[in-house]
């Protein structure tokens, strides 16, 4: 059995799990956690520095596991257009995987 055949076989379960997730998921927006008033416009003449974040305040250090998860998150966000294209190409937009990919794209768009 190929990986695509296995995923096709699992699609009914994926659809149920997707529906369950959507039934309990709470929509959120970045400004609910980081108020607009804390933001700044991007200035290409001023590079980012650690002082621009709250990390390190009061001796607090970003744990290695959190830093690693942020790194992986950046990789998946950068490659999201390719993942979405492949998912739609293999399974179609009307499949459970297509719905999941669209939702994933919308979610990533909130904090891109």
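Using beta carbons and a limit of 8 Å, which pairs, at least six apart or on different chains, have the first residue in region 2-24 and at positive phi and modelled with pLDDT of 95 or more and the second one exposed (fewer than 11 other Cβ atoms within 10 Å of the Cβ) and assigned to a helix (DSSP H, G or I)?
none
Listed residues 94, 86; which is modelled with pLDDT of 85 or more and assigned to a helix (DSSP H, G or I)?
Details: 94 fails: assigned to a helix (DSSP H, G or I).
Answer to the selection: 86.
In this structure, does residue 30 turn out to be closer than 24 Å to residue 105 by Cβ and surrounded by 11 or more Cβ atoms within 10 Å (Cβ to Cβ)? Spell out the reasoning first.
Working: closer than 24 Å to residue 105 by Cβ: yes; surrounded by 11 or more Cβ atoms within 10 Å (Cβ to Cβ): yes.
Judged against the criteria, residue 30 is a match.
Per-residue answers, yes or no, for (1) touching a helix residue (DSSP H, G or I) at 6+ places or on another chain (Cβ under 7 Å); (2) under 24 Å from residue 2 (Cα atoms):
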| position | (1), (2) |
| --- | --- |
| 22 | no, no |
| 31 | no, no |
| 40 | no, no |
| 43 | no, no |
| 71 | no, no |
| 86 | no, yes |
| 91 | yes, yes |
| 95 | yes, yes |
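If residue 107 meets every condition in (1) more than 19 Å from residue 34 (Cβ to Cβ); (2) surrounded by 11 or more Cβ atoms within 10 Å (Cβ to Cβ) apart from one, which number is that one?
Every listed condition holds for residue 107 apart from (1).
Looking at (1) exposed (fewer than 10 other Cβ atoms within 10 Å of the Cβ); (2) within 30 Å of residue 99 (Cα to Cα), can you tell me which one residue 8 breaks?
So the condition that residue 8 fails would be (1).
The values are calculated or read from the model by the stated rules, or taken from the named source; none is laboratory data. What you are looking at is a predicted structure, and each value in this text was computed from that prediction instead of being measured. Here the Cβ is made from the backbone with ideal geometry for all residues, glycine too, and neighbour counts use every protein chain on show.
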